[in-house]
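Taken together, the values in this text are just the output of simple stated rules run on the coordinates, not laboratory data. For clarity, every value in this text was computed on a predicted model and none was experimentally measured. All Cβ positions, even for glycine, are placed from backbone atoms using ideal geometry, and neighbour counts span all protein chains on display.
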C-alpha cells in the first residue's frame, strides 16, 4: 500500500476536522478522534487496499466543501446535527468491473462493522473503557450503515449494483447492529 505525504495530509486534515465538528459542543474531542477518526481512516483505507489489490491506483483526497459543511452545521446547530462528507478514495483503473467496484465499496462498511464489534468486545474486556467502547461501536455502526444507503455516491449504490444479496446482508448487519445499540439490545459489558 503506497501512501504519499499529500495523502497523509488530506487524511489528517479530514480526521481532525470531523473530530472538531462532532465534538465542538461536547468537549469530547479525544473520544471522537479515537472512535470516529479511527473508523473513518480504516473505512477509507479498506477501500484503498482492496482497489490496489485489483491493480488500481487509489488514494484519499479531502473534499474541502464537505469539511466546511461539517464545521458549519456543527456550529449553526450547536452540535445537534452534523453531516460530514470529508472526502473519498479516488480510484483509477480502466480494467475494473462492476464486480470489482462492488467489492471495493463493500470493504469500507464491512470494516466499520468489524470495528463496531471490536469496540463492543473492548467494553466487555475492560470495564473502565465502557464509554469509549459504546461510542466506538455506535459511531462505526452508524458510519457503516449510512454508507450502505444505495444512492450515488454512497458505497451502497456500488454494492447493490454488484450484488443485491451482498448489499442486503451488509446493510442488515449494520442497520441491525445500529438499532440494537440504540435501543439497548446490545451493550458493552
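Can you show me the helix-derived [θ] at 222 nm for the chain, built from DSSP H runs with n ≥ 4 at -39,500 (n - 2.57) apiece and divided by the number of residues, rounded to the nearest 500.
Values: 8 runs with 126 residues, N = 189.
So the helix-based figure for the chain works out to -22000 deg cm²/dmol.
Per-residue Cβ neighbour counts within 10 Å put 17, 148, 77 in the sequence 77, 17, 148, beginning with the fewest. Modelled spin-label separation between residue 95 and residue 68, with each label point placed 7 Å from Cα along the Cα-to-Cβ direction: 4.0 nm. Comparing Cα centroids, the stretch 121-189 and the stretch 92-109 end up 21 angstrom apart.
At a Förster radius of 30 Å, what calculated FRET efficiency corresponds to the Cβ-Cβ distance of residue 124 and residue 83, to the nearest 0.05? It would help to have the intermediate numbers written out before the result.
Numbers: r = 32 Å, r/R0 = 1.07.
With a Förster radius of 30 Å, E is 0.40.
Applying Stokes-Einstein at 25 °C and 0.890 mPa s to the Kirkwood radius of the chain, computed over alpha-carbon pairs, gives a translational diffusion coefficient of 145 µm² s⁻¹.
Arranged from fewest to most other beta-carbon atoms within 10 Å of their beta carbon, 8, 159, 49, 170 become 8, 49, 170, 159.
Calculated translational diffusion coefficient of the stretch 1-96 (37 °C, 0.692 mPa s; Stokes-Einstein with Kirkwood radius over alpha-carbon pairs) equals 236 µm²/s. Label-to-label distance, residue 169 versus residue 182, with points set 7 angstrom from Cα along the beta-carbon direction: 2.5 nm. Take 118-124, 104-110 and order them by the average number of nearby Cβ atoms within 10 Å per residue, most first; the result is 104-110, 118-124.
Relative contact order for the chain using alpha-carbon pairs under 8 Å, separation at least 6, rounded to a whole percent? Intermediate values should be presented prior to the final figure.
Working: 311 pairs, mean separation 38.5, N = 189.
Dividing the mean separation by the residue count of the chain yields 20 percent.
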